[in-house]
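Engineer: Quick one: structure below, then a few questions.
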Amino acid sequence: MILELENICKNYGHGQVEVPALTDVNLQVEAGEYLAIMGPSGSGKSTLMNILGCLDRATSGTYILEGENISELSDRQLSNVRLNKIGFVFQTFQLLPQETALENVALPLIYAGVPRHERLERAAEALRKVGLDDRKEFLPTQLSGGQKQRVAIARAMINEPTILLADEPTGALDQASGAQVMELFRTINAEGATVIMITHDANVASNARRMVTIVDGRLYDDAAKANEEAARAREAAAKTAEETEKPAEEATKPVEITARPMEEAAKLAEEAAKLAEEAAKLTEAIAIPAEAESVGPQVVDAGEPAMPETAEGGERA
Ligand SMILES: Nc1ncnc2c1ncn2[C@@H]1O[C@H](COP(=O)(O)OP(=O)(O)O)[C@@H](O)[C@H]1O
Ligand SMILES: [Mg+2]
């Protein structure tokens, strides 16, 4: 096993305004896995990625990475773990704008104490592997989104980390560039790295070989539980809609769960969150045009017999 989370909780803020972002998260990942962590916006995905990547600490719980208890390490030890074991890929690439693609990729090797000549050589090789041999001297502003992300992937892999962690890696990309990034991840995984990808997109997640779902700060390893949770979220959304005193048909519409329960569950969770949002909007919408509702139909009745579009020409002749 390459990593294990046990009862991880993360609260933001402190005292009375404490917000739980993760609650009792348990997760075990084997070396060489390709895992997608899926969930709607605000469910705690980035918080979880920050903890997995040793960028942040859990409020409570235990994180074991390659046999080492991460929770007990000093900040300095944590940054060493990041440098040696983890490659990061972010939605917005996070490249240094003043540096060339080559320098960006070589950057982690500075911290690793690799001499300049070797750094540049290895960076050039890494860029070649992501198909950017001819873009070494380009600045990020001179690259497309997909190219920037491939530079970021080359940088993430330059230290040969055991884990590649990606947070919405295709979130800012068009379909074709996204597909290229997914292809690279497959290759990286096939070459032995453990890949953990965070996404809200079921299509993107389906590239992984295993999927877990996060809903409201809780992680579900099994489809049935995630389904249950999604159903609960849906009910809550429906209830919110009811409370507007005008039932939102959308919110109560049953959604059929069929062939691919994992994907469906995550989609449902996202759907439910959206419905809750819509229900809130509905409350607002209903509150405002109270008089418009009673006037509206009369205006229509008083109107002329329907002969629309006649102005456009004699098609109706
Ligand atoms: N730095 C922070 N301070 C306070 N609350 C935060 C912070 N980061 C995230 N949160 C809250 O934690 C929850 C999970 O956020 P996040 O992990 O960013 O979700 P996701 O990546 O799934 O969209 C949200 O309710 C968010 O508002
Ligand atoms: Mg996020």
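Bear in mind that the values in this text are calculations on the coordinates, not laboratory data. Since the structure is predicted, the reported quantities are computational estimates derived from the model, not experimental observations. All Cβ positions, glycine included, derive from the backbone under ideal geometry; neighbour counts span all protein chains shown.
Engineer: Hey, any idea what Rg/Rh is for region 3-219, computing Rh the Kirkwood way over Cα pairs? Intermediate results must be reported in sequence, preceding the final value.
Structural biologist: Details: Rg = 17.2 Å, Rh = 17.7 Å.
Reported Rg/Rh (Cα atoms, Kirkwood Rh): 0.97.
Engineer: Provide the three semi-axes, in whole Å and in decreasing order, of the ellipsoid equivalent to region 10-66 as defined by the square roots of 5 times the Cα gyration tensor eigenvalues.
Structural biologist: On the way: eigenvalues 99, 39, 16 Å².
Sorted largest first and rounded, they come to 22, 14, 9 Å.
Engineer: Neighbour counts of other C-beta atoms within 10 Å: give me Thr213, Thr187 arranged from fewest to most.
Structural biologist: Neighbour counts put them in this order, fewest first: Thr187, Thr213.
Engineer: Next question, about the same structure. At a threshold of 8 angstrom on Cα-Cα distance, excluding pairs fewer than six apart, so keeping six or more, what relative contact order does region 3-219 reach in percent?
Structural biologist: Normalised by residue count, the contact order of region 3-219 is 32 percent.
Engineer: Another question about this same structure. Determine Rg/Rh for region 98-141; Rg is computed over alpha-carbon atoms and Rh is the Kirkwood hydrodynamic estimate from the same atoms.
Structural biologist: Over the Cα atoms of region 98-141, Rg/Rh equals 0.96.
Engineer: With no solvent and one point per C-alpha, what does the Debye sum give as log10 I(q)/I(0) for region 136-241 at q = 0.21 Å⁻¹?
Structural biologist: One equal scatterer on each Cα of region 136-241 leads to -1.12.
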